[in-house]
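FYI, it's all coordinate maths here, none of it is from the lab. Treat the numbers as computed from the prediction; the structure is a model and nothing was measured. In this analysis, Cβ positions are derived from the backbone assuming ideal geometry, glycine residues included, and neighbour counts consider all displayed protein chains.
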Amino acid sequence: MKKGRENGPIHGPFLNSVSNKAEDQVMKYQEKFMVLTQKQHEENMRRAIELSRIASIIEKTGGVFGCVIVDKEGKIIGEGSNHVVSDNDPTAHAEILAIRDACKKLGTPHLDGCILYTSAECCPMCLAASYWAHIDHIFYGATIPDSRQYGDFADDDYLAEIRKDPKDRKIKYTEILRPEAVAIWKEYHDMPGRVKY
Ligand SMILES: [Zn+2]
């Protein structure tokens, strides 16, 4: 937080002392969204980029993907690097592992107010996981076309598939035994004290 005063305001007592209307608006915005300084964003992204190098070049656990999640105070609460190859796990993306790490540390499935920094733009799975986790803001370094150009990753193909009508997708998608499945949904719906999230 000390750095915040030198490089621009973050939030807290320093901002409370300003009374100018425009600055009040900035304060309200910052109180709501916990805006860090550009320098802090860059520091967090550099850590994500470092993790992407560890994954791909140093430890060779997977692709060029690293991720960092910071909490409302700007503190790093989760980190992840791609482990698809080392773990034989197609879901071991940096963002997924960072979300798991952060949620475990905070003891909650939701990360409201948190910021996710990913060294490369999210794939559809990680973007959806960020919604499930209630991430507030995503910063990305390399773009999806970059990961296609330098690593032949197929994120754009999957995005295009998801946008298609289900009947036109490569993965066949067929409804079966809906009444039996919905019976459990009805039981769950009517159950007293069911766990909501
Ligand atoms: Zn992903």
Once label points are set 7 Å from the Cα along Cα→Cβ at both residue 88 and residue 195, what is their separation, rounded to one decimal in nm? 2.9 nm
Unit charges on C-beta of K, R, D, E only; dipole of segment 39-197, Debye: 260 debye
Using the 10 angstrom Cβ neighbour count as an exposure proxy, how do 45, 125, 191 rank, fewest first? 191, 125, 45
Dividing the alpha-carbon radius of gyration of segment 146-197 by 2.2 N^0.38 Å (N being the number of residues), what value is obtained? 1.90
For segment 150-190, which chymotrypsin sites (Phe, Trp or Tyr not before Pro) pass both filters: DSSP loop (anything but H, G, I, E, B) and at most 13 other C-beta atoms within 10 Å? 173
Neighbour cut-off at most 14 other Cβ (10 Å), DSSP loop, trypsin sites (Lys or Arg not before Pro), segment 151-197: 164, 169, 170, 172, 194, 196
Loop-located trypsin sites (Lys or Arg not before Pro) in segment 31-127, at most 10 other Cβ atoms within 10 Å (DSSP): 60, 75
Would you give the gap between the C-alpha center of segment 137-160 and the C-alpha center of segment 84-125, rounded to a whole Å? 16 Å
Sequence of 91, 37 once ranked by neighbouring C-beta atoms within 10 Å, starting from the fewest: 91, 37
Could you tell me the number of lysine pairs in segment 58-153 with C-alpha atoms less than 22 Å from each other, where the two lysines are 8 or more residues apart or belong to different chains? 4
